[in-house]
There are 2 protein chains.
Amino acid sequence: MPDFTDKLQPSKPDGPTILAKERAQSNISAEELAQHLLSHDGFLERQARILPILEKEPLFNKKQQANLSRPDLFKLALARAKLLRRLVDRHGWNIDDYKMAETLIDDVSPYFLHMHMFVTTVREQASDAQKAHWMPLIESFKIIGAYAQTELGHGSNVQGLELEARWDQRTHEFILHSPTLTASKWWNGSLGRTANHAIVVAQLLLPRPGTETSASPQYVSHGPHPFIVQVRHMESHQPLDGIVIGDIGPKFGYSTIDNAYMLFDQFRVPHSALLSRYSQVDPETGAYSQPKMGKVVYGTMTYVRSLIVHQSRLALARAVTVAVRYTSIRRQFKDRDNAKGPEIHVLDYPTVQIRILPLLATTYALHYVGLAMQKTYKSARMEIERGDFSSLAYMHSMSSGLKSHCTNIVADGIETCRRALGGHGYGGASGFTRLGPDYLSRVTVEGDNWMITQQVASYLIKRMTDAAANIHTPAVDAIDASYKEFLTAHQNGQVIEPYDVFNSDYAIVKSFQRRASALLYDVYVERVINKKPWTSLMIQLNKVSQAQSLVIMVEVFYEALKSEKAISEAAKASLWDLYRLFSFYTMESSSYDFFNSGAVSQRQLSELPTKVKQFMTQIRPHAVNLVDAWMIPDYLLDSALGRYDGKVYEDLFNRAHHENPLNQITFNPNYWENEIVKGGGDEWSSILAKL
Amino acid sequence: MPDFTDKLQPSKPDGPTILAKERAQSNISAEELAQHLLSHDGFLERQARILPILEKEPLFNKKQQANLSRPDLFKLALARAKLLRRLVDRHGWNIDDYKMAETLIDDVSPYFLHMHMFVTTVREQASDAQKAHWMPLIESFKIIGAYAQTELGHGSNVQGLELEARWDQRTHEFILHSPTLTASKWWNGSLGRTANHAIVVAQLLLPRPGTETSASPQYVSHGPHPFIVQVRHMESHQPLDGIVIGDIGPKFGYSTIDNAYMLFDQFRVPHSALLSRYSQVDPETGAYSQPKMGKVVYGTMTYVRSLIVHQSRLALARAVTVAVRYTSIRRQFKDRDNAKGPEIHVLDYPTVQIRILPLLATTYALHYVGLAMQKTYKSARMEIERGDFSSLAYMHSMSSGLKSHCTNIVADGIETCRRALGGHGYGGASGFTRLGPDYLSRVTVEGDNWMITQQVASYLIKRMTDAAANIHTPAVDAIDASYKEFLTAHQNGQVIEPYDVFNSDYAIVKSFQRRASALLYDVYVERVINKKPWTSLMIQLNKVSQAQSLVIMVEVFYEALKSEKAISEAAKASLWDLYRLFSFYTMESSSYDFFNSGAVSQRQLSELPTKVKQFMTQIRPHAVNLVDAWMIPDYLLDSALGRYDGKVYEDLFNRAHHENPLNQITFNPNYWENEIVKGGGDEWSSILAKL
């Protein structure tokens, strides 16, 4: 309906004018940087190819999804999942194409677990015969699978799972049974309403040899094992007798996926249900064979953690892109020292810069560490496949530490960006209402971020113990060398000179190393020398792990820039500034540790805020181009504030005035009348019926 | 439908058993503490009286609200608002009773602005004649009002508002007009769909004297002024001609309130629309009279900020209550040094304690500072009403600083508690899905938390400047005394002894003061002596403000305990431990500042983590009773995890299995079939129609 607002324009200068100026004022080419960051693995080509296909499909339009109820959102998500799967057929997409589409649509699909954990588990843990049976059914989507491990009472502690799989020697079946309410499976994605099959992880209970055929055999638990189980009728899609399944209900985010609860009541599955690539039960004797390579399961978890590390950069880049573009455009207040001047663009306030620009630098730090993580994973994986497990412990430690550290940074960073947007950051057009709550899941999935840092610290303490025990033998690797250097200096009571971090980029790396080594040394003394209880040290263990992850991030960032030859001088100079900003900003938040460990002098530490401000000033003119380089399409941003073209206010207004369904309803505000919607009559009872 | 899950119990020991033990093991009486904290102003009596009335009303049942669409949520909210208003009539509730009910229902009501800002503004800024006309209409709800100040382009900077109110001398009317899109009112609560009247803040444009009656008078802006305006037809509830209004759409939280956009096209209002208690326009001459007490408007803002400070404690207490109860019950992993023992209650892990127990201490710190803020506000208000404005600047500074500091702590603290719950913290039954996103609004409303700290710093720099200029005259108050002490020591180059914070509770207060004074002194030198641009100092200004707010919090906490005589020794001892935990935990996060300012020795600073652990260990046995003392009813918590009775897993399962509407729907997961719901036929088009 046309009205007088149609001809109104935002006050001048408008967003497009401002962003054009921002882009022109920098000598950095966003296009060049994008190639540097994302041409790897065909990412840019793939995004450019898939995006227009999705944008053409009305079902993938995101305009109204925030106005739907959970049940309607789920119906939409399932319809989208089906369409997406059809597009795979229609365009002959490979798995990377599919994942790109999934990322751009930004729904966690009801098929998610089928496409990821279910198929991966069968591929890695099923015997050849099992694979021959199941893989064609999975790939054709004749069956839809999920992965049911976590229970109501146990998540992190997998050994504590309560669901039982008891071997019945007489019938040669396993009996799945939930002895308590807390044994209920819980959180298992794609299983609540969608899947008809699942990998079900249960305690394998086998009769103690000699008691197999007695009337009341004695059972021994062999720990959690994976079973592949049909859980719903293929026709009616109802749970099979002896199984209760459902969706656990609304959550903080992730509305479009059906996280499940599932319980079993003496439910029998055949011998072939146990995935038996590594663990086997002899169907005749009930005898158990040990997995030949117990650590392979570790490998899968490491893979998912390393993937989360790699993905973290784009989640943060999405938030930072919105924040940089919008705060470049937004103006508020005149300069207190120049009341006659124009209003200031809020990104020119140091109090806005300090929230956004270090995070902009962090997106780049995350990028290089994500690549390094992938590289380490791939080479370790190849070694493992050759039967060499020597690099597994390091890879496991690195992926656990970085998963914890990077997802913490990103979860907090997204919220920091959102708040930096002021009031409009709270609105639905910010682009944060799905990104923020969805990403928060990352800090607990695949190992709670606090819990898994113990695994890192445990590895590092072992390394420090080894270094101390063999202090006079040559170092076996860089970590060993740095620990021996630290220990030797410490033993000799050497006066340690602080590193001159303002005049050497490499000294920055060394300062992070020394700080981490000092924290590790303290906890090593407590645990190994003073025999303190592990639990009592947990806060320090977490700190050691976070400090170590920072060492890796700073070191990898430094090495990447040091060895990079292909990019222009202008881009390179800004990348070094980002490196310094990231390092100094991070250092400042732990100044006392850097001081206390002798890594940096009090003089330089007290100068850090000034240095941080200096590098923010140097990066500021390039900020828009530095976020443009991430090439995040408007379709994914779904943000009026972060649009590439800068039409912030036009889009905010359009979404409110033309796209908000609440404005189609006229209400009756008089409290003495039962009518809620004008002309709707007495709706009291229909409202009550929904409660 | 009965099934085999009906008879299942959680694994032993169950929640009720554990909480009973927790409550018995502490010698602190939750009841005694509750009286100490909340008997003030009849809070406990009021809560006990109102709660059962609300719980009886099916419309106030919260079970299904997370499953509703935004339009349905809004209909529900309006129905609830009507019912609540009827309960006021039925039970003869006063305004405090009403606000208690509003808090417990936990919907931000569509009548919110009518009941708060609208009526307050009329009461404070209307002339007696205006009040005589409007107040009866407001109090009887014959009209529903809102408050429209913020615009699409301007929030914090009120002086920059674009909406014009131009005086037409010929017709004796004001012409409201939005010259641009960014002049659109935006965010104005209760106005999007509910209100038919509003306070509209617009730039008052008056003809330059002598040009009033010319064909093209020259206009001069007198800044933003409030007008009371009818915006919708009383019968049809449609916007009046020349006005466009609507709801801005879905947001991060606050779904149940209709935040508005509103624009005017040469819309005429009578002379009487200008609220004229302080500012007047002569209807005959168009001449402007200055407000006699310009700062009174300040007073209203200060009132709202001080209220937010006071309310912050219960928002955090809600989160901490859930976190303490659930982590007492939850068990995960055995002790690494005792593999044969039982699983450990997660609140016994230091890594869980460090996230929750300092926040438990913070709820108490916030309580005392909230009371102090209310007291300062009331006494200053009385002085102002006597025409004495001398305490206004201090009160404004205190309320701005604390609003920023306390809402930051609480917004972050709620999320910290949520994450400490692990996976279940992400579920809808956590009690955080409404609390978290709703509370996030507090960091931007009533002055963005970063922006308003400038007002604090500005005041403090002035105080430091005064102290420096009059260093030899006697101190006028405690702040002046502490600044003069600092300056004298600094001038004399005295070697300053650090405070012995481990052996004196008062030394803790002094150490926070010295650290704040040192930060302030540095910025005073930069600004006043070195004449640095204000903008360039903003990060430091923010830091000064936050440090000053901490001084107030620590000082007030100390004074409250020092002077408290009425409570038992056991309770008192734990309150002192909470004071120390809050102080040391806070100090540790800024160790470098405390070191650098000479406030605390390096030896004590390096001991802080140990001290924090020690006080956490002392508080741990009392944790459940210390949260019980906040007396937050289950109805408000709305959390399976935080229930008073500890039936965590029973309630989680009940909500999923019996209350989740998604489980009433059976889906068709086959991607080649258009059917989404089993038996539903081809729903593709009905789904598309909702997009």
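Annotations
- Among residues of the range B:522-545, those that are part of a helix (DSSP H, G or I), open to solvent by 30 Å² or more (accessible area, probe 1.4 Å) and out of contact with any Pro (no Cβ under 6 Å at 6 or more places or on another chain), counted: 9
- Selected residue (criterion: farthest from A:S549 (Cα to Cα)) from residues of the range A:445-470 that are open to solvent by 30 Å² or more (accessible area, probe 1.4 Å) and part of a loop (DSSP other than H, G, I, E, B): A:N470
- Pairs, first in the same structural domain as A:I329 (by TED's automatic domain parsing) in the range A:605-620, second at pLDDT 95 or above and open to solvent by 70 Å² or more (accessible area, probe 1.4 Å), C-beta under 6 Å, six or more apart: A:V612/A:Y585
Conditions (1) in contact with a His (Cβ under 9 Å, 6 or more places away or on another chain); (2) more than 9 Å from chain B (Cβ to nearest Cβ), marked per residue:
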| position | (1), (2) |
| --- | --- |
| A:A215 | no, yes |
| A:V229 | yes, yes |
| A:H233 | no, yes |
| A:Q238 | no, no |
| A:T256 | no, yes |
| A:R268 | no, yes |
| A:L274 | yes, yes |
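- Taken over the range A:485-534, the criterion of being outside the structural domain of A:L605 (by TED's automatic domain parsing) and farther than 27 Å from A:Y579 by Cβ is satisfied by A:L487, A:T488, A:H490, A:Q491, A:N492, A:G493, A:Q494, A:V495.
- Of all the listed residues (A:T171, A:T213, A:T194, A:T180), the sole one being touching a residue at least 12 places away in the same chain (Cβ under 8 Å), out of contact with any strand residue (DSSP E or B) (no Cβ under 9 Å at 6 or more places or on another chain) and among the polar types (S, T, N, Q) is A:T180.
- Taking the conditions (1) open to solvent by 10 Å² or more (accessible area, probe 1.4 Å); (2) hydrophobic (A, V, I, L, M, F, W, C); (3) part of a loop (DSSP other than H, G, I, E, B) in turn, B:M100 satisfies each one other than (3).
- Residues located in the range A:137-168, provided they are away from chain B (no Cβ under 13 Å), touching a Lys or Arg at 6+ places or on another chain (Cβ under 8 Å) and under 26 Å from A:S236 (Cα atoms): A:A148
- One residue alone among A:D107, A:D96, A:D89 is more than 22 Å from A:Y644 (Cβ to Cβ) and either away from chain B (no Cβ under 14 Å) or of a type in the set (V, I, T) (or both), and that residue is A:D96.
- Strands (runs of 3 or more DSSP E) wholly inside the range B:202-278 containing at least 2 residues that are over 35 Å from the mean Cα position of the chain (by Cα): B:219-230, B:267-270
- Members of the range A:47-80 found to be facing chain B (nearest Cβ under 7 Å) and assigned to a helix (DSSP H, G or I), listed by number: A:P58, A:L59, A:A66, A:N67, A:R70, A:P71, A:D72, A:F74, A:K75, A:L76, A:L78, A:A79
- Filtered residue count, the range B:1-19, keeping only those that are within 7 Å of chain A (Cβ to nearest Cβ) and either assigned to a helix (DSSP H, G or I) or of a type in the set (S, T, Y) (or both): 3
- One residue from B:G341, B:G370, B:G387 being over 27 Å from B:P633 (Cβ atoms), more than 14 Å from chain A (Cβ to nearest Cβ) and either touching a strand residue (DSSP E or B) at 6+ places or on another chain (Cβ under 7 Å) or small (G, A, S) (or both): B:G387
- Scope the range A:633-652; condition of a type in the set (A, V, I, L, M, F, W, C) and surrounded by fewer than 23 Cβ atoms within 10 Å (Cβ to Cβ); matching residues: A:L636, A:L637
- Verdict on B:E22 being away from chain A (no Cβ under 12 Å), crowded, with 18+ Cβ neighbours inside 10 Å and in a helix (DSSP H, G or I): yes
- Failed item in (1) open to solvent by less than 10 Å² (accessible area, probe 1.4 Å); (2) in the same structural domain as A:I228 (by TED's automatic domain parsing); (3) not acidic (D, E), with A:A287 passing the rest: (1)
- Single unsatisfied condition, B:L84 versus (1) under 26 Å from B:K690 (Cα atoms); (2) touching a residue at least 24 places away in the same chain (Cβ under 8 Å); (3) open to solvent by less than 30 Å² (accessible area, probe 1.4 Å): (1)
- When B:L402, B:L359 are checked against the criterion of being in a helix (DSSP H, G or I) and open to solvent by 10 Å² or more (accessible area, probe 1.4 Å), B:L359 stands alone in meeting it.
- Check on B:P609, closer than 21 Å to B:A420 by Cα and either open to solvent by 40 Å² or more (accessible area, probe 1.4 Å) or in contact with a helix residue (DSSP H, G or I) (Cβ under 7 Å, 6 or more places away or on another chain) (or both): yes
- The test for being within 9 Å of chain B (Cβ to nearest Cβ) and in contact (Cβ under 8 Å) with a residue 40 or more places away in the chain holds for A:F653.
- Flag if B:K572 is in the same structural domain as B:V322 (by TED's automatic domain parsing) and closer than 25 Å to B:L314 by Cα: yes
- Looking only at residues of the range B:40-79 that are over 27 Å from B:G192 (Cβ atoms) and small (G, A, S), we find that the one that is modelled with the highest pLDDT is B:A48.
- Scoring A:G425 on the criteria (1) within 14 Å of chain B (Cβ to nearest Cβ); (2) outside any helix (DSSP H, G or I); (3) in contact (Cβ under 8 Å) with a residue 40 or more places away in the chain leaves a single failure, condition (2).
- Filter result for B:V304 (free of Cβ contacts under 8 Å to residues at least 40 places away in the same chain, open to solvent by 10 Å² or more (accessible area, probe 1.4 Å) and among the hydrophobic types (A, V, I, L, M, F, W, C)): no
- The helices (runs of 4 or more DSSP H) falling completely within the range B:559-636 that include 2 or more residues that are of a type outside the set (A, V, I, L, M, F, W, C) and either under 18 Å from B:R355 (Cβ atoms) or more than 14 Å from chain A (Cβ to nearest Cβ) (or both) map to B:569-589, B:602-619, B:623-628.
- Flag if B:S190 is among the hydroxyl-bearing types (S, T, Y) and either touching a Cys at 6+ places or on another chain (Cβ under 7 Å) or within 14 Å of chain A (Cβ to nearest Cβ) (or both): yes
The values are calculated or read from the model by the stated rules, or taken from the named source; none is laboratory data. What you see is a predicted model; the values in this text were computed from it and never measured. FYI the Cβ positions are ideal-geometry reconstructions off the backbone, even for glycines, and counts take in every protein chain you see. Accessible surface is based on the protein model in full, side chains and every heavy atom, while ligands, DNA and RNA are left aside. Shrake-Rupley method; radii C 1.70, N 1.55, O 1.52, S 1.80 Å.
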